[in-house]
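J.: Take this structure, written in structure tokens, and hold onto it; I'll ask about it next.
The values are calculated or read from the model by the stated rules, or taken from the named source; none is laboratory data. On a predicted model such as this, the values are computed, not experimentally measured, just so you know. Cβ coordinates were reconstructed from backbone atoms using ideal geometry, including for glycine residues, and neighbour counts include every protein chain displayed.
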Amino acid sequence: MEQKHGEALYTTIKLKIIELIKSGKYKINEQLPTEGEFCEQYNVSRTTVRLALQQLELEGYVNRIQGKGTFVSMDKIKTPFTQKIRSFAEQMEGRNSKSEVLSLAVIPADHTIASILEVQEKDPVIKLIRLRYADSEPIQYHTSYIPWKVAPGMMAEDCKESLFQVLRTKFDVKITRGLESIEPILSDEMVSSYLNIPVGSPTFLTESKTYDDQNHLIEYAQIITRGDRTKFVVEQTYK
């Protein structure tokens, strides 16, 4: 097969398979040919094919299941960076989204959480854990910490939809701004079980802080998002 000058052979194979996926030759959830079949098809070594498939898996095009084979993954969910605070449903850009409340409890703030939320140690804090879905597939493991005084009496039933909407309408919180940081991490055993991914899978950890109109921190969140199903998009304008 034709190989571009300076391009590794496994990259050439990878790009060819991507082309076939995008053209619809290989459809979502369809099983790809075996390594041996790819070797014969492209007249390359098994090592070359294996490297190509490993790269495809890292880039989210395929899902390799031990003992079963390699399958085409669903399209990645594009999450845009914007200055506007957006709900999870808005971030999913029209996909069917929902939130499952795994737990809601009032806990005493430990030293770390008290320092972040700017409350006293042992002050009551709402700890809310949710699993977020897109098209019935678990995408995010979301943990929120909210000072009790911000939303006294909040119940799990309140949090199945937009948390920010509940804070605005039920507790009269005027949300004005947020700060986010994102870094790549590997999933641990607990998160992997909820997101249906192998332990040690690439994920994104987002830490967010949300403030009200008095510049009080009203929520601190840790959001773990599947790396195989997500990519972040930045739109820039130039004058």
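J.: Among the listed residues Gln222, Gln165, identify the single one that is over 30 Å from Asn63 (Cα atoms) and loosely packed, with under 15 Cβ neighbours inside 10 Å.
T.: Gln165
J.: Given the criteria over 17 Å from Ile116 (Cα atoms) and surrounded by 14 or more Cβ atoms within 10 Å (Cβ to Cβ), does Asp212 qualify?
T.: For Asp212, the condition - over 17 Å from Ile116 (Cα atoms) and surrounded by 14 or more Cβ atoms within 10 Å (Cβ to Cβ) - is not met.
J.: Here's another thing I want to ask about it. Are there any pairs, at least 6 apart or on different chains, whose C-beta atoms fall under 7 Å, with the first in the range 100-123 and within 22 Å of Ser162 (Cα to Cα) and the second of a type in the set (Lys, Arg) and assigned to a loop (DSSP other than H, G, I, E, B), and if so, which?
T.: Val101/Lys160
J.: Could you say whether any residue in the range 153-168 is of a type in the set (Val, Ile, Thr) and touching a helix residue (DSSP H, G or I) at 6+ places or on another chain (Cβ under 9 Å)?
T.: Among the residues of the range 153-168, at least one is of a type in the set (Val, Ile, Thr) and touching a helix residue (DSSP H, G or I) at 6+ places or on another chain (Cβ under 9 Å), which makes the answer yes.
For every residue, the table says whether it meets (1) outside the structural domain of Thr203 (by TED's automatic domain parsing); (2) under 19 Å from Pro198 (Cα atoms); (3) without any contact (Cβ under 8 Å) to a residue 12 or more places away in the chain.
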{"site": "Asn29", "(1), (2), (3)": "yes, yes, no"}
{"site": "Leu32", "(1), (2), (3)": "yes, no, no"}
{"site": "Glu35", "(1), (2), (3)": "yes, no, no"}
{"site": "Cys39", "(1), (2), (3)": "yes, no, yes"}
{"site": "Val44", "(1), (2), (3)": "yes, no, no"}
{"site": "Thr48", "(1), (2), (3)": "yes, no, no"}
{"site": "Gln54", "(1), (2), (3)": "yes, yes, yes"}
{"site": "Arg64", "(1), (2), (3)": "yes, yes, yes"}
{"site": "Gly67", "(1), (2), (3)": "yes, yes, yes"}
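J.: Then there is this: Of the numbered conditions (1) out of contact with any Ser or Thr (no Cβ under 9 Å at 6 or more places or on another chain); (2) at pLDDT 85 or above; (3) surrounded by 13 or more Cβ atoms within 10 Å (Cβ to Cβ); (4) not assigned by TED's automatic domain parsing to the domain that holds Leu32, Arg95 satisfies every one except a single condition; which is it?
T.: The single condition Arg95 does not satisfy is (2).
Here's the yes/no breakdown for (1) farther than 22 Å from Gln120 by Cβ; (2) modelled with pLDDT of 90 or more; (3) under 12 Å from the mean Cα position of the chain (by Cα); (4) β-branched (Val, Ile, Thr):
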residue	(1), (2), (3), (4)
Val150	no, yes, no, yes
Glu157	yes, no, no, no
Phe171	no, yes, no, no
Lys174	yes, yes, no, no
Asp188	yes, yes, no, no
Val191	yes, yes, yes, yes
Ser201	yes, no, yes, no
Lys209	no, yes, no, no
Asp213	yes, yes, no, no
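J.: Pick from Thr203, Thr169: which is touching a Gly at 6+ places or on another chain (Cβ under 9 Å) and assigned by TED's automatic domain parsing to the domain that holds Leu131?
T.: The unique qualifying residue is Thr203.
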